[in-house]
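The values are calculated or read from the model by the stated rules, or taken from the named source; none is laboratory data. Nothing here was measured: the structure is a model prediction, and the numbers come from that model. Counting neighbours? That spans all protein chains shown, and the Cβs are built from the backbone with ideal geometry, glycine included. Keep in mind that these areas ignore ligands, DNA and RNA; they rest on the heavy atoms of the full protein, side chains included. Shrake-Rupley method; radii C 1.70, N 1.55, O 1.52, S 1.80 Å.
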Amino acid sequence: MGSRMKHVRFTIMIIMFTLLLPLCSGYQADAASKRDYLKIGLKFGSNCVSTGILKSDQGFLLGTIDGRRFEEGMPLPAYNEIVITNENGNIVVKDKDGILLSADMGSSGCIMPADYDDDGVIYYDGTPYRGGVQFLGKSNGTMTVINVIRLEHYVYGILNSELGYTNPKEALKAQAVVARSYAEQNLGKHSADGFDLCTSTHCQVYKGYSGEFDATNKATDETEGEFLLYDGEPVSAFYYKNSGGYTQNSEDVWSGKLPYLRAVKDEYSPSYPWSTSLSFEIIKTKLESAGFSPGTIQSVSINAYNNTGAVSELKIVGSGSTVYLKKENIRNVLGATIIKSNMFTLGKGSSSGVGNGTWNISNGLRVTESDADAKLYVISDSGKASKIDAEGVFGSNGQVTILLGTRSSEPIQTVTNGTVEFNGYGYGHGVGMPQDSAVEMAKQGFDYKEILEYFFTDIEVE
Ligand SMILES: [Zn+2]
């Protein structure tokens, strides 16, 4: 069959091609177009692999990725499965029978399916992707695996993960513009590992070809090449689930003040209440994990709110130290899926059945039951008694019980009884576009540009 001869010839051509590489630099630093590629890290860090298997029904095309441009090289139409390994720093390509196809792809080598320009997909370890795959050798003999993909196809692969395909079309289109802008603005976020963006919530959740749906692809196509621009430049287009009624200034959550990320009173926010309780012990553990040494927790207080009503500082007094958690650090330290937003108040706590009508609420203060009516008083060290509003606090048979989790109860500033109840609204950091509100606006007939213009200040969609 002369197949051995063919392999040798291919190998020689690949070597010749590799030698020509320096002459083929095709990168143009122009604005992003639909032909520009970006690099999505599939396996990196501790997840690097020692072997990669690629499959394609139509065969392969070896080439290079130079900047954001793919340069075609050696076609391998006769192979449907190839195996890539790192041998002493060389990225080696063999067929499934172990016959050598390329002795070294080099650090800019990229493997496309032969029909990559015609909606072809390539399978990496069984999962289909548009675009191609790049392997970067590491000194420990493993490889970083990267999906090299066009920006528009990348948006195909994330849109449903970030906003489900059943949502109204104009909301999906708004999400497509935001996701595309975010990607463009965050190119090189993982440059230390040799790619642009990862596939998790750290960047945007990307599932490749399997994550595509007609509705989300259509929303991408109908906004093709459109970005959110401020002063003609793509912006950091942040988004999250629910604002809780007010979006946030960027500097009130992180540190940098950006003119297009301003707090907006969100008239379209569907109600998203949440409630959670954390014991002082759990708060102590979380603070210790974040490097603080609070000792035994004695109280938790809201120390400051910002203009939108979000908590900007939480004060935690412990026997070892007093810890101040500010802005987004409150959620980062206590858990961003537990404390869903900074739009919270503290409830009365969840201690119950404290003994014989006396409940210590802080150093030098007691709550005591005065009589059969179970009226409650705060008594200071000096013996001065003040009646407190007993709504949500009941006494009977000499026991005082605190009603748990009542939203109607008055928010309090400080919790000292061992368990903090957080009652809040919204989900996410609050900066930029709340997806729930985008969906609500789309339902009310707003188009995607109106949605984006509502949440991003002084921007253009182009
Ligand atoms: Zn990432």
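Within the range 402-423, the set of residues being at pLDDT below 50, open to solvent by less than 60 Å² (accessible area, probe 1.4 Å) and either more than 33 Å from the chain's Cα centre (by Cα) or within 13 Å of F344 (Cβ to Cβ) (or both) comprises I402, S409.
Residues in the range 49-70 that are part of a strand (DSSP E or B) and either modelled with pLDDT under 95 or of a type in the set (V, I, T) (or both): V49, T51, I53, T64, I65, D66, R69, F70.
For the range 122-146, the set of residues classified as surrounded by 20 or more Cβ atoms within 10 Å (Cβ to Cβ) and over 14 Å from V49 (Cα atoms) consists of I122, Y129, R130, G131, G132, listed by residue number. Annotation: of all residues in the range 157-206 being β-branched (V, I, T) and away from the ligand (no atom under 11 Å from the Cβ), the one that is most open to solvent (accessible area, probe 1.4 Å) is T166. Among the numbered conditions (1) more than 16 Å from the ligand (Cβ to nearest atom); (2) open to solvent by 60 Å² or more (accessible area, probe 1.4 Å); (3) without any contact (Cβ under 8 Å) to a residue 60 or more places away in the chain, the only one that Y246 does not meet is (3).
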